[in-house]
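A short write-up of the structure that comes next.
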Amino acid sequence: MAVLECKNLTKQYGHVTALEDVSFSIEPGRIVGLLGPNGSGKTTLIKLANGLLTPTSGELTICNAAPGKETHAIVSYLPERTSIPLWMTATQLLDFYQDFYKDFRRDAAEEMLAHLNIPAKQRIKQMSKGTREKVQLIVTMSRAAQLYLLDEPIGGVDPATRDYILSTIIGNYNPEAAVVISTHLIADVEKVLDEVIFINQGHVVLQSSVDEIREEKGMSVDALFREVFKC
Amino acid sequence: MKWYFSDSAPIYAQLIRQIKVGIVTGAFPPGERLPSVRDLATEAGVNPNTMQRAFAELERDGLVYSQRTAGRFVTEDRTMIEQTKKALAECHIKQFLESMDQLGFQRDEVISLLRQETGKEGVTDGGSGM
C-alpha cells in the first residue's frame with residue numbers, strides 16, 4: 001500500500017495554478033527527493049499532504065486516508081521555516097512533542113541532542129539558526145512516523161550540518177516508512193535518495209530511481225536537473 | 001573506510017567496487033563479519049536500499065554470504081578474493097590503455113614508457129631505503 005498517493009491533484013490559488021493534474025505514489029521504505037526550481041509547487045504539495053491546504057480537484061491520500069486527524073498522527077512534518085516555539089528550552093520542546101505525539105521516541109531525541117552537545121536547558125531563542133534547524137530536525141525524525149515530509153531540510157545550513165542532517169535521515173531509516181525531501185540542493189541529497197520526482201511549473205515531469213537515471217543517461221541527477229531546468 | 005563517488009556511474013555499482021577493494025585490501029578481512037547495512041549506509045552517506053542492493057549483488061557473486069541471524073560475512077575463499085583482485089587490476093589496466101590510446105601511443109611505446117617509469121620507481125625505492 002502506498003504511503004502517499006496523488007491522483008489528478010490540482011491546486012489553484014485564484015487564477016494561479018500551483019499544481020496541475022499531478023499523479024504519483026510513494027511506497028514504504030523509500031526516500032524520495034521532490035526536486036524542482038523555486039516556485040515549482042513543492043511546498044504546495046507538502047502543505048496539501050499536511051492538510052494545511054485543500055485540493056482544488058483530484059485527491060491526495062496518506063495510507064489511503066485523506067489528510068486529517070488520523071494522518072497527522074502518522075505524518076512527521078518539517079516545515080520550510082523554523083516553527084518550534086522559540087521561548088521553550090530543548091527539554092520543554094521534548095515534553096511538548098511527547099504530549100502531542102504518541103509515536104515520539106524521547107530517548108532517540110535525547111541521544112541526538114547529547115551527541116550534538118546541545119544543552120537541554122538552553123532556550124531555543126538563544127540558539128544559532130543552524131542549531132535551531134538541527135533541533136527541529138531531531139524532533140521531527142524522533143517520531144516513529146509512517147511518512148516524513150521534510151521541506152528544504154538542508155537549505156541555509158553549513159556543509160557539516162548538512163552532512164549531519166543527511167546522516168540522521170539515513171540513521172533513522174525505517175523500511176515501513178517513507179521520507180520525502182523537498183530541495184533544490186540536489187548534489188547534496190542525491191546519494192541518500194532512492195527515487196526522485198522532478199516537478200516543474202506544477203507538473204510532474206519525471207519520476208525515476210537515482211541509479212536508473214545514472215545508468216540510462218550516464219549522468220548524475222544533479223546534471224540531469226540542470227539540463228531539464230536550464231534557464 | 002573512506003568512500004568516494006563519481007557523478008556518472010550508478011551509486012550501487014560504485015559501492016560494489018569499493019566494497020570489493022575493501023575485501024581485497026583486507027579492510028574487510030576474509031571470514032570477518034561485515035558492519036550492518038544501516039551502519040555502512042550511514043558511513044558512506046548513501047541510501048540504505050542502495051547499500052542493500054550492492055550487498056545482494058556481492059552475495060550473488062559469492063564474495064559475501066549471510067547467515068540468517070548472525071549477519072553478513074566476507075567469504076573465506078581466498079582464491080575468489082585473489083580473482084577479484086586480479087579482475088580489479090584488469091579493470092584499471094583497461095582504463096589506462098584506453099587513455100593511452102586516446103593520447104595516441106602505440107602498445108610498444110606504452111610498454112617502454114611503463115618500463116622506464118617502473119625503473120625509476122625501483123631507483124627511488126632503493127634510494128629511500130638507504
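The values are calculated or read from the model by the stated rules, or taken from the named source; none is laboratory data. Predicted, not measured: the structure shown is a model, and the values here were computed from it. Cβ coordinates were reconstructed from backbone atoms using ideal geometry, including for glycine residues, and neighbour counts include every protein chain displayed.
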Out of the residues in region B:64-85 that are in contact with a helix residue (DSSP H, G or I) (Cβ under 7 Å, 6 or more places away or on another chain), over 14 Å from B:T25 (Cα atoms) and of a type outside the set (S, T, N, Q), which is surrounded by the most Cβ atoms within 10 Å (Cβ to Cβ)? B:V64
What number of residues in region A:199-224 are touching a Phe, Trp or Tyr at 6+ places or on another chain (Cβ under 7 Å) and surrounded by 18 or more Cβ atoms within 10 Å (Cβ to Cβ)? 2
Looking at A:E176, A:E215, A:E227 in this structure, which one is in contact with a Gly (Cβ under 8 Å, 6 or more places away or on another chain) and charged (D, E, K, R)? A:E176
In region A:33-58, anything assigned to a loop (DSSP other than H, G, I, E, B), over 12 Å from the mean Cα position of the chain (by Cα) and farther than 23 Å from A:E190 by Cβ is listed as A:G51, A:L52, A:L53, A:T54, A:P55, A:T56
For region A:23-33, give me the residue count where each residue is away from chain B (no Cβ under 14 Å) and either free of Cβ contacts under 8 Å to residues at least 24 places away in the same chain or surrounded by fewer than 16 Cβ atoms within 10 Å (Cβ to Cβ) (or both). 2
Considering region A:124-171 alone, what residues qualify as being hydroxyl-bearing (S, T, Y), away from chain B (no Cβ under 13 Å) and assigned to a helix (DSSP H, G or I)? A:T131, A:T140, A:T161
Hey, B:D39 hits all of (1) out of contact with any strand residue (DSSP E or B) (no Cβ under 6 Å at 6 or more places or on another chain); (2) more than 14 Å from every other protein chain (Cβ to nearest Cβ) but one; which does it fall short on? (2)
In the set A:G58, A:G36, A:G41, which member is out of contact with any Leu (no Cβ under 7 Å at 6 or more places or on another chain) and either more than 14 Å from every other protein chain (Cβ to nearest Cβ) or modelled with pLDDT under 95 (or both)? A:G36
For residues that are surrounded by fewer than 22 Cβ atoms within 10 Å (Cβ to Cβ) and in contact (Cβ under 8 Å) with a residue 24 or more places away in the chain, scanning just region A:5-17, find the one that is farthest from the other protein chains (Cβ to nearest Cβ). A:Q12
Check whether at least one residue in region B:55-68 is within 14 Å of chain A (Cβ to nearest Cβ) and of a type outside the set (A, V, I, L, M), and report yes or no. yes
Within region A:172-231, which residues are closer than 23 Å to B:A41 by Cβ and among the basic types (K, R)? A:K191, A:R214
Residue set A:K7, A:K11, A:K47, A:K42; condition touching a helix residue (DSSP H, G or I) at 6+ places or on another chain (Cβ under 6 Å) and in the same structural domain as A:D211 (by TED's automatic domain parsing); output residue A:K11
